[in-house]
Amino acid sequence: MDEPNEIHHSDLVIDEIREKPSGRDERHLEGEYITFKNDGTTRLDVSDWSVEDEAGNAFRFPEGSELEPGERVTLHSGSGRDTGSDLYWGSDRPVWRNAGDTVLVRDADGVVRIRESYNE
């Protein structure tokens, strides 16, 4: 049986974390984001995968979310119109703590695929 903290790596990687948008975070939530990249050689279906912060706030990738090899998708904390390259959490406050946080990504079965921490 898997350990609860065991990470099962996938081809999805964090390409960039921007936890501090310019200006007041609360007013620039679209500028707070995480960019993910398919670092593999085949199409990656991340439908129903979740992205969580240390506080347990969670975003779920919508059905049909697929990334071709080398393709990126940016998850913005604020609201906006989803496109193929930009998704919006819809939060009305900052998600990622400026002083440091942990990004946790689980696949559709709840298996941890990414656990990455950052500090200021």
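Restricted to the stretch 87-100, and to residues that are in a strand (DSSP E or B) and either among the hydrophobic types (A, V, I, L, M, F, W, C) or on the phi > 0 side of the Ramachandran plot (or both), which residue is nearest to the chain's Cα centre (by Cα)?
Checked the stretch 87-100; the qualifying residue nearest to the chain's Cα centre (by Cα) is LEU87.
Among what's in the stretch 61-86 and is touching a Gly at 6+ places or on another chain (Cβ under 8 Å) and part of a loop (DSSP other than H, G, I, E, B), pick the residue that is farthest from HIS8 (Cα to Cα).
SER79
What pairs come up if the first residue lies in the stretch 82-109 and is among the small types (Gly, Ala, Ser), the second is in a strand (DSSP E or B) and surrounded by fewer than 13 Cβ atoms within 10 Å (Cβ to Cβ), and their beta carbons are under 8 Å apart, counting only those six or more places apart or on different chains?
That search, which allows pairs on different chains as well, returns ALA99/ASN119; GLY100/SER117; GLY100/ASN119.
If a residue has to be surrounded by fewer than 15 Cβ atoms within 10 Å (Cβ to Cβ) and not in a loop (DSSP other than H, G, I, E, B) to count, how many in the stretch 46-59 make the cut?
1
Okay, residues lined up against (1) out of contact with any Pro (no Cβ under 7 Å at 6 or more places or on another chain); (2) surrounded by 13 or more Cβ atoms within 10 Å (Cβ to Cβ); (3) at negative phi:
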{"site": "GLY31", "(1), (2), (3)": "no, yes, yes"}
{"site": "GLU63", "(1), (2), (3)": "yes, no, yes"}
{"site": "ARG72", "(1), (2), (3)": "yes, yes, yes"}
{"site": "SER85", "(1), (2), (3)": "yes, no, yes"}
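Hey, among the residues in the stretch 11-45 that are assigned to a loop (DSSP other than H, G, I, E, B) and either hydrophobic (A, V, I, L, M, F, W, C) or under 14 Å from the mean Cα position of the chain (by Cα) (or both), which one's modelled with the lowest pLDDT? Step through it out loud before you land on a result.
Here is the first cut: in the stretch 11-45, the ones assigned to a loop (DSSP other than H, G, I, E, B) are 11, 19-24, 28, 32, 39-43.
Cutting the leftovers down to either hydrophobic (A, V, I, L, M, F, W, C) or under 14 Å from the mean Cα position of the chain (by Cα) (or both) gives us 11, 19, 32.
Working: ASP11: 96, GLU19: 89, GLU32: 93.
Looking at residues that are assigned to a loop (DSSP other than H, G, I, E, B) and either hydrophobic (A, V, I, L, M, F, W, C) or under 14 Å from the mean Cα position of the chain (by Cα) (or both), I get GLU19.
Tally up the residues in the stretch 87-111 that are crowded, with 18+ Cβ neighbours inside 10 Å and over 20 Å from GLU63 (Cβ atoms), please.
At the first step, the residues of the stretch 87-111 found to be crowded, with 18+ Cβ neighbours inside 10 Å are 87-89, 94-96, 101, 103-107.
With the extra rule that they be over 20 Å from GLU63 (Cβ atoms), the set shrinks to 94-96, 101, 103-104.
Total satisfying the criteria: 6.
The values are calculated or read from the model by the stated rules, or taken from the named source; none is laboratory data. Quick caveat, the model's predicted, so the values are computed rather than measured. Counting neighbours? That spans all protein chains shown, and the Cβs are built from the backbone with ideal geometry, glycine included.
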